[in-house]
Structure formats: structure tokens, C-alpha cells
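The block underneath contains the structure these notes are about, expressed in C-alpha cells.
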Ligand code: XIL
């Protein structure tokens with residue numbers, strides 16, 4: 001079969017994958033990725049926690065090695081992410097940082113220093129950055145609080161992050177990335193994201209695109225004629241109406257609600273994916289498709305224990321199986 005990147009090229013799409021350190025040391029997995037993809041994102045190695053585990057101690061080696069390999073293979077590189085608004089995923093030392101007597105200045109200085117250091121280090125090799133990740137609380141639709149929003153204001157801080165990124169990564173596409181879905185349970189989340197994007201647009205923030213994480217599942221299926229599909233189109237219409245581009249940044253299919261039988265399960269996963277990708281790629285503004293792991297054993301969902309399968313079986317969320325054989329989702 002033709003590699004995904006060749007199929008993608010025909011449709012004007014880039015095809016990418018998030019690779020984690022463990023799989024970066026696995027020659028077979030890397031070979032699969034090199035064959036199928038023309039874009040790479042580091043699964044964890046580009047996050048603040050990984051780049052600066054202790055204040056001032058930068059560790060760029062892991063990300064540098066991945067990006068250098070990607071470039072040797074002729075791949076584009078995405079940076080993920082400059083600021084993760086969910087305090088749980090900021091470095092502990094950032095959450096505990098002493099902002100002193102002039103906390104707003106100190107918070108701005110810390111935020112700037114991080115973005116400037118990272119963007120300057122990687123320079124022009126980053127094609128696209130997730131500047132801000134997951135700023136909206138899915139339950140309420142409000143902006144999440146963290147040490148930066150506390151001292152700078154939430155919209156102000158997000159705006160600042162984009163402006164600093166713009167100055168120090170002038171050639172890169174700047175993306176706001178989040179995991180809103182098409183279903184009823186995600187209504188507040190979608191509304192919150194739209195509100196944020198409108199606020200940024202009206203301030204003239206240099207934001208170019210919305211990253212659709214696209215960790216999909218049976219609960220947000222968007223089959224034709226469904227209410228979910230209408231809702232998803234409405235959402236994407238409004239985003240593209242603001243002049244923003246779209247990217248699928250972290251695609252996988254959670255099969256928690258699908259039957260144990262592998263044949264039925266893989267068919268279900270492929271059907272969910274087809275409906276979702278058909279709708280989403282019907283927007284010419286959407287030209288990037290990135291998987292969050294491309295073989296089942298390499299998927300973060302195997303270790304994400306918040307909502308495992310009730311039968312305890314490993315999930316089958318990606319286009320290739322544990323032996324790197326193509327599954328129905330691939331075709
Ligand atoms: C996940 C990684 O896959 C895990 O290895 C890590 O433990 C936690 O983060 N949304 C994102 C990604 O933006 O950064 C997350 O990646 C998955 C959800």
C-alpha cells in the first residue's frame with residue numbers, strides 16, 4: 001500500500017506522528033514513521049517540564065535529537081507545547097515559583113524567558129508551534145487558572161505568549177491547541193474555546209490556527225445526518241470564519257465502548273475515524289493530520305488509566321497494530 005504521506009500529498013495534507021523517547025529508540029517504529037510521515041512532533045520532549053526540569057537547567061538534547069532526525073528524513077517539525085495552561089502539567093517549580101513583591105512583572109519575565117529561550121534555541125526549524133495548550137476548562141468553559149493567569153490575567157497572558165512567540169519564531173505557524181469535541185458533554189468546552197479565540201482575534205493576537213487534538217471515541221461520533229456532525233460543522237464554521245486555519249494535532253480513537261472482538265473493534269474504530277476525518281478535512285483550512293502514536297502498543301492510551309476498557313484489554317486506537325501491521329483504520 002502507498003504510504004500515508006503519499007496519500008496525504010495527493011489531498012494536500014501533511015501526515016505526522018507524535019513520537020515518544022522510548023519509541024525513538026526503536027528502529028522498527030522509526031522506520032515505519034519515516035515511511036508513512038512527513039511531519040514529527042515530540043510526544044513529551046518539547047514540553048516545559050522536559051526542557052527545563054529545574055529552574056535554569058535547560059535540557060534540549062532529547063528534543064534536538066528527534067528534530068534532527070526528522071529533518072534528515074525531510075520531515076516538518078511541530079513544537080508541542082510552549083505553555084500548557086493546566087497547572088498539573090507545568091513544572092512543579094513553576095507552580096511554586098516565588099514571584100516576589102512585583103508579581104506581575106516577575107510572572108511576565110518568567111513566561112517571556114521560557115518562550116524566548118525555547119524559540120531561540122530551536123530557531124527556524126519549527127514549522128508550527130502549539131503556543132498555548134488546553135486553556136479552557138472543559139466543565140465550565142472558563143479559562144483555567146495557573147500562576148501566570150493569577151498575576152497577569154488569563155486572556156492577557158495567553159495574548160502575551162503568542163506575541164513573544166511571534167517575535168522569536170517569526171516564520172512559524174502559531175497554534176492554540178485544545179481537545180473540545182462534537183458531543184453534548186463538550187458544549188461548554190467548545191463555547192469557551194470560541195470565546196477565547198474571539199477575544200484573541202479582537203486584540204490582534206498573532207494566532208494562526210486552532211489545533212483540534214482529536215482524541216475521538218464513540219461518544220462524539222459525527223456520522224452523516226447526526227446532531228454531532230451539525231454541531232461540529234457549526235463549530236468549525238465559526239473558527240474558520242475568524243480567518244483561522246485548522247490542524248488535526250493528536251489523532252487517535254479510544255475504543256473503550258467498542259466490542260472486545262478484534263475484527264468488530266477495528267471496523268468500529270475505522271468507521272469513527274472515517275466520519276470524523278471526512279467532515280474535518282472537508283474544510284480546506286485543514287491541511288495537517290498528526291497521529292498521537294501510530295502503532296497500538298505505542299499509544300499513550302495504554303497507560304492512561306483514567307478510563308480504561310472495562311474488559312482490561314489493550315486499546316487499538318491507531319492505524320498499525322503491535323506488530324506494525326496495517327489495520328482497517330490505515331486503509
Ligand atoms: C500526553 C503524553 O502522550 C503522555 O505520555 C504524557 O504522560 C501526558 O501527555 N493532550 C496533549 C498531549 O496536549 O500533550 C498529551 O500527551 C495528551 C493529551
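Bear in mind that the values in this text are calculations on the coordinates, not laboratory data. The shown structure was predicted, so the numbers you read here are calculated from the model rather than taken from an experiment. Positions of Cβ are backbone-derived with ideal geometry, glycine not excepted, and every protein chain shown enters the neighbour counts.
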Q. Relative contact order, percent, of the chain when contacts are C-alpha pairs under 8 Å separated by at least 6 residues?
A. 15 percent
Q) What value, in deg cm²/dmol to 500, does the helix sum -39500 (n - 2.57) over DSSP H runs of n ≥ 4 give at 222 nm once divided by the residues of the chain? A) -12000 deg cm²/dmol
Q. Helix 227-241 versus the longest principal axis of the chain: what is the Cα-based angle in degrees, 0 to 90, to the nearest 10?
A. 40 degrees
**Q.** Mean Cβ neighbour count within 10 Å, used as a protection proxy, ranking 201-214, 247-260 highest first
**A.** 247-260, 201-214
Q. On average, how much area does the Cα convex hull of the range 1-125 cover when viewed from any direction, in nm²?
A. 9.1 nm²
Q: Could you give log10 I(q)/I(0) at q = 0.17 Å⁻¹ for the range 61-197, computed by the Debye formula over C-alpha point scatterers of equal weight, without solvent?
A: -0.96
Q | Contour minus Cα-Cα distance for residue 242 and residue 156 (0.36 nm per residue) | A | 29.0 nm
Q) If you take the beta carbon distance between residue 101 and residue 285 as r and set R0 to 51 Å, what does 1/(1 + (r/R0)^6) give as a FRET efficiency, to the nearest 0.05? A) 0.65
Q. If you count, for each residue, the other Cβ atoms within 10 Å and average over each peptide, how do 48-60, 5-17, 283-295 line up from highest to lowest?
A. 283-295, 5-17, 48-60
Q: Give the calculated FRET efficiency between residue 187 and residue 278 to the nearest 0.05, with a Förster radius of 30 Å applied to their Cβ-Cβ distance.
A: 0.85
Q: For residue 256 and residue 86, calculate 0.36 nm times their separation in residues minus their Cα-Cα distance, and state this gained length in nm to one decimal.
A: 58.7 nm
Q) Expressed as a whole number of Å, what is the distance separating the alpha-carbon centroids of the range 255-298 and the range 134-185? A) 26 Å
Q. How far, in degrees from 0 to 90, does helix 154-168 lean away from the longest principal axis of the Cα atoms of the chain, to the nearest 10?
A. 90 degrees
Q.
Using only the Cα atoms of the chain, what semi-axes does the equivalent ellipsoid have when each is the square root of 5 times a gyration tensor eigenvalue? Give whole Å, largest first.
A. 31, 23, 19
Q) Under 16 Å from the 7 Å Cα→Cβ point of residue 93, by amide nitrogen: which residues of the range 35-59? A) 47-59
Q.
At 7 Å along Cα-to-Cβ for each site, give me the label-to-label distance between residue 203 and residue 313 in nm.
A. 4.7 nm
**Q.** Folded to 0 to 90 degrees: helix 103-122 orientation relative to the chain principal axis, Cα
**A.** 50 degrees
Q: Can you tell me the FRET efficiency between residue 230 and residue 139 if r is taken as the Cβ-Cβ distance and R0 is 25 Å, rounded to the nearest 0.05?
A: 0.60
